[in-house]
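Here's the structure we're looking at; comments come further down.
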Amino acid sequence: MYMVGSIVTSFYTGSISKRTHLLWGVALGNLLNFIALVGFSLIEDCNAIQTYYISVILRLIIGIAQAFLCSSASTLLIRSVGNEKPYYLGLLTAFYSIAICTGPMIGALIYVDYGFKMTFLGFAAIVAVIAPFSLITLYYATKHVKDDETPNDKTDTSIH
């Protein structure tokens, strides 16, 4: 369900071009991540069937959040760095890959010591702390990006 949510939402998030809408996309992605992580922490008390269906819905929500976060944040970043787009796109991909590789390992270490509920609450707390910081950073880093810039400009052949 994660990929279904991500793919379906990506069709919409790929068409967002205004800077303010992209910032709202980052905010919505962080909020959905937080909601899903808190939701996962609560399913420990459910029976097997409830856990299955709630997990499917929460994975869908995380897929939607990922689509908003990755599309919006990467578009803002690429538009704001000028001629150094390949470098920053590579850097973004590297940090995303590091997060994908280390996240499950860190989650497993937390789970061993603190259990299922605290693992997800811990990650939700991390999102709650990092989300405002990322929004503020993106807001100030992209102040010079014009709202009327669109990725479909036929005269511009650079990567947006």
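Can you give the FRET efficiency to the nearest 0.05 for residue 46 and residue 12, using r as the Cβ-Cβ distance and R₀ = 30 Å?
My answer for the efficiency is 0.45.
To the nearest 500 deg cm²/dmol, what mean residue ellipticity at 222 nm is calculated for the chain from DSSP H runs of n ≥ 4 alone, each contributing -39,500 (n - 2.57), summed and divided by the residues?
-28500 deg cm²/dmol
Where in the chain are the helices, taken as whole DSSP H runs, whose Cα atoms extend 18 angstrom or more along the long axis and whose Kyte-Doolittle mean reaches at least 1.0?
What comes out of the filter, once short or polar helices are dropped, is 19-42, 48-80, 85-141.
Over the chain, consider all pairs of different Cα atoms and compute the Kirkwood hydrodynamic radius from their mean reciprocal separation; express it in Å, one decimal.
The Cα-based Kirkwood calculation yields 17.0 Å.
Quick one: if you stick a label point 7 Å off each Cα along the C-beta vector at residue 87 and residue 53, how many nm between them?
5.3 nm
Values in this text are rule-based calculations from the coordinates and carry no lab data. Remember, it's a predicted structure, so these values are computed and weren't measured experimentally. Ideal geometry is used to build each Cβ from the backbone, glycine not excepted, and the neighbour counts take in all protein chains shown.
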